[in-house]
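Below is a structure I'd like to ask you about.
No lab work stands behind these numbers, since they all come straight from the coordinates. A quick note: this is a predicted structure, and the numbers were derived from the prediction, not measured. Here the Cβ positions follow ideal geometry from the backbone for every residue, glycine too, while neighbour counts run over all protein chains shown.
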Amino acid sequence: MTDSLNTADGALPAAPNSGARAQPFTIAGTVIDPGASATIAIPVSNTATGLPASLYVRVLHGARPGPCIFVSAAIHGDEIIGTAVIQRLLAKLDAASMAGTVLFLPVVNIFGFQAHSRYLPDRRDLNRSFPGSARGSLAAQLAAKFLKEVICHCTLGIDIHSAAVHRYNLPQIRIAPDNENLRELAMLFGAHAVIESPLRPGSLRDIARGEGVDMLLMEAGEALRFDELSVRCGVNGVLNVMAHLKMIQPHPEATQVTIPARSRRAIWVRAPRGGLCMLQQKSGDAVKKGEVIGRVAGIFGDDAQEFRAPIDGIIIGHAVLPVVNQGDALVHIAEVMRFGDVEERVDQITEALLNDRLLDEDELI
Ligand SMILES: [Zn+2]
């Protein structure tokens, strides 16, 4: 596996395949010349004010032919980490030196985003509303437009989520099971963990598969928050995938860092009682079956009940709000294929991401 996490000090050169020039790219009735970028507003519906609401896409159409992919964020309106990832990518990428086309959607759920909410004003979950319908609910209208104008142009999508509110996710890629192409992309993305999980009906991943579009779902960080590790992981991962697809040159000092944690099964550990939770382990820590992960006590600190890891694994998500009800999901543990050195590998990925100067905000590609 080639990865690109090492320190770099130069700008990336242009994409490798030269010669042929791309054809103009048409999206939602707008034509974009090769080597140009454009911001497109795709009309979706009206807001409650009666004013138009649109889905905004920044298109980077490379000078040379190549695949068309999309990178989307905030399908759940409060999961904004991908918005930060896209902002940083847009500052680094230049269509003139690229091959192929990228459609960037920093905020898909425009309605929930404004309300700091996962959902739409009609209380639907956009990620359960595909394929949608032009005559359906607001969520259905948005899903239908996203499918028709974005997904159907592409062969690959990278959809970026964070944990739900008051939770944190270790950066991880989720993919459909038993898809060798996706597995390869997920591994070279370079996130801390790769989880193969079944597709939920009505989800973007589910509908994309029906259209023959491969999907990488990234989960990282916390809702309504930015954190540097998650942003860097997303930026690095998208660049790694683009380099693999020969849309840009690989990282000049690309090197193999390590193999991410791999899992096909993850289990939530829940609060044994209501009260205040003190976690002794956090995301990225390896835990052995039976090991104490935390305790929940009453408001006087009395009657503390410990809770333990039900399996050997790595923690891929944890609650950050200590006030818990009995049964609240507190710690998400993934059973991994190579347990022995998993924590060291995860730490190496963190260190490489945080030290990679190419991922800095002001470093150009
Ligand atoms: Zn989400």
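Apply the Karplus parameterisation 6.51 cos²θ - 1.76 cosθ + 1.60, with θ equal to phi minus 60°, to every residue of segment 61-66 and state each ³J(HN,Hα) to the nearest whole Hz, in sequence, with x for glycine and proline.
Going residue by residue, I get 9, x, 5, 10, x, x Hz, with x marking Gly and Pro.
Pull up all non-local amide H partners of I293: gap of 5 or more, or a different chain, and H-to-H distance under 5 Å with H placed in the peptide plane.
The answer is F307, R308, A309.
Ok, one more. If we restrict to alpha carbons, what Rg and Dmax does the chain come to, in Å?
That works out to 20.9, 72 Å for Rg and Dmax.
I've got another one for you. Under a point spin-label approximation (7 Å from Cα along Cα-to-Cβ), what is the Q114-K288 distance to one decimal in nm?
Computed distance between label sites Q114 and K288 equals 5.5 nm.
Tell me whether segment 192-255 comes out rounded, prolate or oblate; compute the Cα gyration tensor, take square roots of the eigenvalues as a ≥ b ≥ c, and use a/c under 1.5 as the rounded threshold.
Here segment 192-255 falls in the oblate category.
Just grab the label-to-label distance for I299 and K246, each label 7 Å out from Cα along the Cβ direction, in nm (one decimal).
For the pair I299/K246, the computed spacing is 6.6 nm.
Pop out the ³J(HN,Hα) list for segment 48-58 in order, Karplus 6.51 cos²θ - 1.76 cosθ + 1.60 with θ = phi - 60°, rounded to Hz; leave Gly and Pro as x.
The phi angles translate into 5, 6, x, 8, x, 10, 10, 9, 9, 10, 9 Hz.
Working out 0.36 nm times the residue gap between E306 and I267, then minus their Cα-Cα distance, what length gain in nm do you get to one decimal?
Answer, rounded to one decimal: 12.3 nm.
Next question. Would you work out if segment 90-210 is rounded, prolate or oblate? Take a ≥ b ≥ c from the square roots of the eigenvalues of the alpha-carbon gyration tensor; rounded if a/c is under 1.5, else prolate when a/b is larger than b/c, oblate otherwise.
rounded
How large is the charge dipole for the chain, taken about the Cα centre, if only the Cβ atoms of Lys, Arg (+1) and Asp, Glu (-1) carry charge, to the nearest 20 debye?
Once rounded to the nearest 20, the dipole reads 1140 debye.
Which order do V269, V150 fall in if you start with the one that has the fewest other Cβ atoms within 10 Å?
V269, V150
Antiparallel DSSP bridges in the chain: what percent, to the nearest 5?
65 percent
With the convex hull built on the Cα atoms of segment 88-148, state its orientation-averaged projected area in nm².
5.4 nm²
Sort segment 153-300 into rounded, prolate or oblate with this rule: let a ≥ b ≥ c be the square roots of the eigenvalues of the Cα gyration tensor; rounded if a/c is under 1.5, and if a/c is not under 1.5, prolate when a/b is larger than b/c, oblate otherwise.
prolate
Label points 7 Å out from Cα along the Cβ direction at S197 and V320: separation in nm?
1.8 nm
A further question on this structure: Given the -39500 (n - 2.57) contribution per DSSP H run of 4+ residues, what per-residue ellipticity at 222 nm results for the chain, rounded to the nearest 500 deg cm²/dmol?
It comes out at -6500 deg cm²/dmol, rounded to the nearest 500.
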